[in-house]
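Working notes, structure below.
The values are calculated or read from the model by the stated rules, or taken from the named source; none is laboratory data. No experiment lies behind these values; they were computed from the predicted model shown. Note that we place each Cβ from the backbone using ideal geometry, even for glycine, and neighbour counts take in every protein chain shown. When the accessible area is computed, the model is the full protein with side chains, heavy atoms only, and any ligands, DNA or RNA have been set aside. Shrake-Rupley method; radii C 1.70, N 1.55, O 1.52, S 1.80 Å.
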Amino acid sequence: MHIAAPGRGGRAAIVLLVLLAVAPLLAEAAGASYLVSLTTRIAIWGLAAASLQLLIGGAGLPSLGHGAFVGIGAYAVGIAFHHAQGMEGALGFLAGAGSDSLLVTLPAAALAAALIALPIGAVSLRTGGAYFIMITLAFSQMLYFVTIAFADYGGEDGLSMWSRNTAAIGGLGLDTGDDLVFHWICVALLGLWLGIAHRMSGSRYGLVLAAARDDERRLRALGRSPYGLRLAAFVAAAAVAGVAGALNANLIGFVSPTPLAWTTSGELMVMVVLGGAATPAGAVAGAAIMVVLEEMLGRWTEHWAAILGPMLVLAAIFNRGGVAGSAARIRARIRRRGRR
């Protein structure tokens, strides 16, 4: 597996962002306003999947606990909202009077996820391969059961948010209650991370991280330890996943322990593999396919998971490299035919 050459993944990312930006307008023009929420989900889960791509595609670290950071970001928003309404809880000493402003809760979600990821990464990155997967899975399940036991914040029933966070400074602000405005905020944050990830892949840090992924022994022979590089990637990916969790909490108006369960981490991993782990844009494409398939099959039958599972197995067998890999092969064939 190799990181895409700078430029190729960037163009795919721009195409995806443009499609996501205009999709709600087309949906409203076609009288299908309910699709606005669907495209917003794609943007949010695309952001979460693109953060995991940094670990899987960039660092060769298939974490099975990444969903926990999505859940931590959601709880950061939910707890801040809980205290902003004047309610009490065990984390009141951290949350203070709380907040319902995105300008506060999004950084708080990223910080909370990063701070929790730091010790988890410090421990799990001492291992590798299957042991790394098992340790990240164990930490994820531990956080899942901790949130279930958190009675002050709803326990297994979770927390309700009856309004979205605001986004205003002084007298100026955005109407986050408007579905279109909130959608474009999510797309803008997705675009910000795709831009950062694209620049990172071509930077010295990204190249050394890829070298550690491809041949760790050779990197060590050159006197460089990959531990710090991988820990930085682990924490950065967790922070971005926390932001995705915060946005999802605002979208659905509810926070629960579910995203912290290993199943969410598994879904994120499927999104990355389905779309292609070589570029962040591939992960976003995988998220779009998963969200749309779940929506379509869910409307058709309550047993949609029994249909989706075999479809994913077939995709993994016959679509090596994911959607991004297939697109690259098609482009290569077209170029070869053009030269004849």
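Taking the conditions (1) at pLDDT below 95; (2) out of contact with any strand residue (DSSP E or B) (no Cβ under 9 Å at 6 or more places or on another chain); (3) in a helix (DSSP H, G or I); (4) surrounded by 14 or more Cβ atoms within 10 Å (Cβ to Cβ) in turn, Ser63 satisfies each one other than (3).
Of the residues that sit in segment 32-45 and are of a type outside the set (A, V, I, L, M) and over 30 Å from Val235 (Cβ atoms), which one is most open to solvent (accessible area, probe 1.4 Å)? The selected residue is Tyr34.
The residues on offer are Ala114, Ala110, Ala48, and the sole one that is under 20 Å from the mean Cα position of the chain (by Cα), surrounded by fewer than 24 Cβ atoms within 10 Å (Cβ to Cβ) and of a type in the set (Gly, Ala, Ser) is Ala114. Report whether or not Ala244 is in contact (Cβ under 8 Å) with a residue 12 or more places away in the chain, buried (at least 24 other Cβ atoms within 10 Å of the Cβ), on the phi < 0 side of the Ramachandran plot and under 18 Å from the mean Cα position of the chain (by Cα). Yes.
Matching residues to (1) open to solvent by 40 Å² or more (accessible area, probe 1.4 Å); (2) within 18 Å of Val240 (Cβ to Cβ); (3) more than 20 Å from the chain's Cα centre (by Cα):
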position	(1), (2), (3)
Val123	yes, no, yes
Val146	yes, no, yes
Gly155	no, no, yes
Ser163	yes, no, yes
Val187	no, yes, no
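Residues considered: Gly58, Gly71, Gly86. Of these, the only one that is over 23 Å from Leu17 (Cβ atoms), at pLDDT below 95 and either open to solvent by less than 10 Å² (accessible area, probe 1.4 Å) or small (Gly, Ala, Ser) (or both) is Gly86.
Got a sec? Which helices (runs of 4 or more DSSP H) wholly within segment 251-340 have at least 2 residues that are crowded, with 24+ Cβ neighbours inside 10 Å and at pLDDT below 90? Don't jump to the end; show me each part of the working.
Working: elements: 262-275, 280-300, 304-318, 322-339.
Ranges flagged: 262-275, 322-339.
Screening Leu115, Leu143 for residues that are assigned to a helix (DSSP H, G or I), of a type in the set (A, V, I, L, M) and in contact with a helix residue (DSSP H, G or I) (Cβ under 7 Å, 6 or more places away or on another chain) leaves exactly one candidate, Leu143.
Criterion first (modelled with pLDDT under 95 and open to solvent by less than 30 Å² (accessible area, probe 1.4 Å)) does Ala29 satisfy it? It is false that Ala29 is modelled with pLDDT under 95 and open to solvent by less than 30 Å² (accessible area, probe 1.4 Å). Against the numbered list (1) crowded, with 19+ Cβ neighbours inside 10 Å; (2) under 17 Å from the mean Cα position of the chain (by Cα), Leu229 comes up short only at (2).
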